[in-house]
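The values are calculated or read from the model by the stated rules, or taken from the named source; none is laboratory data. Just so it is clear, the structure is predicted and the values come from calculations on it, not from any experiment. Ideal geometry is used to build each Cβ from the backbone, glycine not excepted, and the neighbour counts take in all protein chains shown. Just the protein is used for accessible areas: all its heavy atoms, side chains included, with ligands, DNA and RNA removed. Shrake-Rupley method; radii C 1.70, N 1.55, O 1.52, S 1.80 Å.
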Amino acid sequence: MGAYLLKRLLEGAIVLAVVSLLVFVGVYAIGDPVSLLLSPDANAETEAALRRSMGLDLPLWQQYAVFVGNLFQGEFGQSFTFRQDAMDVILIRLPATLELAFAAIVLAVAIGVPLGLIAGARPYSGVDRGLVTASILGFSMPTFMVGLALILVFSVWLGWLPSTGRGEVGTVLGLSSSLFTLDGLRHVLLPALNLALFPMAFVIRLTRSGMIEAMDLDFVRFARAQGHPDGWIIRNHVLKYIAIPIVTVVGMQFGLLIAFAVVTESIFAWPGVGRLIIEAIQRLDRPLVVAYIMVVVTLFVVINIAVDLVYALLDPRVRPR
Amino acid sequence: MTDAVAVAPPPRGMRRVLRDFGRAPGAVLGAVVFAAIVVLCVFAPVFVIHDPYDLSAFSIMDARLAPGERDFAGVAHPLGTDEQGRDLWSAIVYGLRISLIVAAVASAVSFVIGTALGLIAAYRRGWVDALVMRVVDIQLAIPSILVALVLLAVLGRGVDKTIIALVTVQWVYFARTVRASALVEMEKEYVQAAKLMGFSGLRILMRHVLPNCLPPLTVVATVEVAHAITLEATLSFLGVGLPVTEPSLGRLVYNGFQFMLNGFWWISVFPALALLVLVFSINLVSDRLRDLLNPRRRRG
């Protein structure tokens, strides 16, 4: 187990190193920040001084070393637009994104698992075909279009739910989140539903195939022979059996959702990191873009490793020796 | 002359695939709709009410007309007009054209790059293979929208830059598919025979291995065109893809989004519907092709 963990951590570190190199080359080597920062009437001496003070006169490998050194200290420089440390700007908005992704995952499981069970209970029936088609639609519809449709129907036409912002934020046990107030819940519902669509389609398919597979297995036949009704068997045995792949996929989707939140947050004016990064890209705020990429990719790597570990703990068959 | 012995078996039953394809009404509908959209795009000037880029062809006096309303000149606008008085149908047709061209070019370039790298990886094995597949793995681990966003953040906006971003995201899928099927083909006897006959690596790859990798590649190609269309639309919707001067469907949806909350729903909804029809028609076709061309799923 220890060796496996070490191997995974090493792989994660390699991914982070590669990404940091790509980001460095992409953001720092292409385009000259000095020309952006300097006023047009500055002379050569001022330019050389600025270049020296920013460390741009050093050879490229030394610049990268400095860049990586700063990364380890969480220093990404000042955001051009916020005049604050870029990392701080990200960290202030990260909870809103995590909260949205969390709400989306909860919705995806709460709706997806029962639908998957219904579909899998009678494979190739009318209900099953309908649900499978709906899940294909869930995969192929672009997120922003579903968001538009939700706003149009529930905010503009029916007027039931708000379509912008996070609403009132409540605090429970030192955690502040809009999940703790009624107004906040009303605000989170539409964006979370929008974000949940993709993982929900996934969960439906996974639950369905797991259910179909499980109902033919010996332990289900045995339970049936004992005279237990199907509902009881599903609750007590089948759910445990299909939980493992669902936990894995849900975990991995969580990382994806943080990235996909870019679209949902832009549509619903949700004040998280996704909306922030779009603004940063449009305003060419490089320190902010770099900080965002490193934070999200790190989250991603950590989540993937955690999911693999949980998987290994849950399922002895994949546990490496 | 001796070539005939080693030539790969011809793609079996291309005609059979076409015939079976015709048996699924959904897939035929998808193909017909897609063909109609292509015709619409190629002959766009014939089908539109006015040139949406010609600022003298429309007037702000006719802004935000509801679908079916007539403007001051008495011309009916079946889908209404946008915030500048531009006929929405015309804007959508030209938007479809831009979306389709960008997606087609990006997919074609990804096809060539991905196929070449996949074939080389499968042929050379060793460190070349390891390197290519490492890059593929890392990229598949990061969501494509993120990769594209980061690239556009570095490169800036533009048609060429959007295409570069799409290719960077997409070549991976082609490379992975080609490598997998090429590895299988490389083990087969006809390739061994061709090697024994002393044919060059390039010739074996291009004339023998590649033709047999085409079925799965076709499926990936259709999926990737749809993928490119949605990704480009999403990027343009977020305002980081195509510039305002090249309004693709995603950009049109974004333009209308600002007015949707005020009840002018059609400016946003119709371009979105056009996008949906386009993507869905391609998905119908690729779904059927996947069923027909995947040997494991082949029935009877």
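Scanning the range A:11-44 for residues that are modelled with pLDDT of 70 or more, farther than 18 Å from A:F72 by Cα and more than 11 Å from chain B (Cβ to nearest Cβ) turns up A:D41, A:A42, A:N43, A:A44. Does any residue of the range A:152-170 turn out to be within 12 Å of chain B (Cβ to nearest Cβ), open to solvent by 20 Å² or more (accessible area, probe 1.4 Å) and over 24 Å from B:F270 (Cβ atoms)? Checked the range A:152-170: at least one residue is within 12 Å of chain B (Cβ to nearest Cβ), open to solvent by 20 Å² or more (accessible area, probe 1.4 Å) and over 24 Å from B:F270 (Cβ atoms). Test A:A121 against the criterion of being surrounded by 16 or more Cβ atoms within 10 Å (Cβ to Cβ) and over 19 Å from the mean Cα position of the chain (by Cα), and give yes or no. It is true that A:A121 is surrounded by 16 or more Cβ atoms within 10 Å (Cβ to Cβ) and over 19 Å from the mean Cα position of the chain (by Cα). Answer yes if at least one residue in the range B:125-146 is open to solvent by 40 Å² or more (accessible area, probe 1.4 Å), among the aliphatic types (A, V, I, L, M) and either more than 23 Å from the chain's Cα centre (by Cα) or farther than 30 Å from A:V289 by Cα (or both), and no otherwise. Yes - at least one qualifying residue is present in the range B:125-146. A:P191 meets all of the listed conditions (1) modelled with pLDDT of 80 or more; (2) more than 14 Å from chain B (Cβ to nearest Cβ); (3) surrounded by fewer than 18 Cβ atoms within 10 Å (Cβ to Cβ) but one, namely (3).
Let me confirm something: among B:G74, B:G80, B:G85, which residue is farther than 25 Å from B:E232 by Cβ and in contact with a Phe, Trp or Tyr (Cβ under 6 Å, 6 or more places away or on another chain)? It would help to see each step written out before you state the result.
On the way: B:G74 fails: in contact with a Phe, Trp or Tyr (Cβ under 6 Å, 6 or more places away or on another chain); B:G80 fails: farther than 25 Å from B:E232 by Cβ.
Checking each option against the conditions leaves just B:G85.
Of all the listed residues (A:Q253, A:Q282), the sole one being facing chain B (nearest Cβ under 9 Å) and closer than 30 Å to B:L155 by Cβ is A:Q282. When B:R176, B:R64, B:R134, B:R157 are screened for being closer than 30 Å to A:V296 by Cβ and outside any helix (DSSP H, G or I), only B:R157 passes. Restricting attention to the range B:247-271, which residues are open to solvent by 10 Å² or more (accessible area, probe 1.4 Å) and within 15 Å of A:G147 (Cβ to Cβ)? Result: B:Y254, B:F257, B:Q258, B:L261, B:W265, B:V269.
Within the range A:127-163, which residues are of a type in the set (F, W, Y) and either closer than 16 Å to A:A192 by Cβ or modelled with pLDDT of 80 or more (or both)?
Listed by number, the residues that qualify are A:F144, A:F154, A:W160.
Here B:A226 meets the list (1) surrounded by 24 or more Cβ atoms within 10 Å (Cβ to Cβ); (2) within 9 Å of chain A (Cβ to nearest Cβ); (3) not polar (S, T, N, Q) almost entirely, failing just condition (1).
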